[in-house]
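Data block below; observations after.
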Amino acid sequence: MTALYESRTPLHGRNIQTIIKAKSGNLADIPSSALYPVLAGLEKEGFIVGEWEKRDDPKKRHRRFYAMTLDGERRYRSLKKELQDVLESYLGFMKHVLTYASQHLSKEDGEEYKLNLQSLLSYLTLAFLHEPNYAFSLKKQLEQTFGFWEVSEGTLYPLLSELEMKGLIRSYWGHVVDGKPVLMRKDKNSPPDEPQTRLVRFYEATPKGALYQKTYGRKFLSALEEACTRAQFTCDYVYNHKPLV
């Protein structure tokens with residue numbers, strides 16, 4: 001929508017892909033399989049209008065040109081306003097994660113992991129479990145470190161279960177005494193007979209988990225840097241309209 005709004009002239013799909021790719025420094029290379037369903041959806045909602053070009057030669061491929069409607073311009077301005085806080089929060093989060101990760105990542109190339117929310121949260125969780133911690137405290141630490149990212153219990157608990165199933169963390173029943181964990185290590189599924197405080201379940205990284213975290217090497221860091229650059233491009237181009245090329 002930004003490309004169409006700024007162009008003020010009809011564009012075909014390839015035009016839009018080229019503009020976005022150029023303005024992002026070749027980072028945002030949107031595939032046709034992602035772009036055309038979006039264009040179809042915008043056209044169905046009346047935010048853009050498409051028209052096939054007229055060519056005399058039937059052998060030449062016909063292209064569909066798109067232009068923004070008045071409803072589309074209003075929707076674009078509305079979306080831009082709605083996305084302001086989201087974009088700025090995302091950019092701040094990525095920069096913060098990058099700063100944090102740079103201090104903890106191994107400097108050697110390790111196994112290549114895809115950068116997605118699951119792998120990122122796994123890495124951050126393992127980083128906070130170098131000593132015993134319980135889920136509520138872990139949740140607060142993550143949110144305090146990355147203040148613009150609220151980790152829900154529905155996300156954290158399944159992740160902890162998955163990490164434990166993989167042998168990357170282990171858990172024990174115990175209590176918090178004077179701010180420190182008192183763990184019951186004999187049987188992680190058997191609570192102590194006479195609890196002195198509220199019973200909680202503690203988690204800590206296993207040696208396998210600590211090694212797993214260290215395998216995030218330069219490739220993971222490079223992916224984080226690229227994600228941060230993409231976020232900066234999105235914030236600049238979509239929201240701030242800074243000249244990028």
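Quick rundown of the values:
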item	result
Cross-link pairs Lys114/Lys166; Lys23/Lys219; Lys139/Lys208; Lys23/Lys80; Lys140/Lys166 - those with Cα-Cα distance over 20 Å	Lys23/Lys219; Lys139/Lys208; Lys140/Lys166
Radius 14 Å from Cβ of Arg77, net charge of other residues (Lys, Arg +1; Asp, Glu -1)	0
Cα-based shape type of the stretch 1-88, given that a ≥ b ≥ c are square roots of the gyration tensor eigenvalues and the cut on a/c is 1.5	oblate
Fully extended contour minus Cα-Cα distance, from Arg218 to Glu143, at 0.36 nm per residue	24.5 nm
Förster-model FRET efficiency, 30 Å R0, Leu159 and Lys95, C-beta, rounded to 0.05	0.80
Where labels lie 7 Å past Cα in the beta-carbon direction, separation of Val176 and Val38 in nm	4.3
Förster radius 22 Å - calculated FRET efficiency between Thr9 and Leu83 (Cβ-Cβ, nearest 0.05)	0.35
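Any read-out appearing in this document is the output of simple, stated calculations on the displayed coordinates, not a laboratory observation. Please read all numbers here as calculations on a predicted model, not as lab measurements. Because the Cβ atoms are built from the backbone with ideal geometry, glycine has one as well, and the counts that use them run over all protein chains shown.
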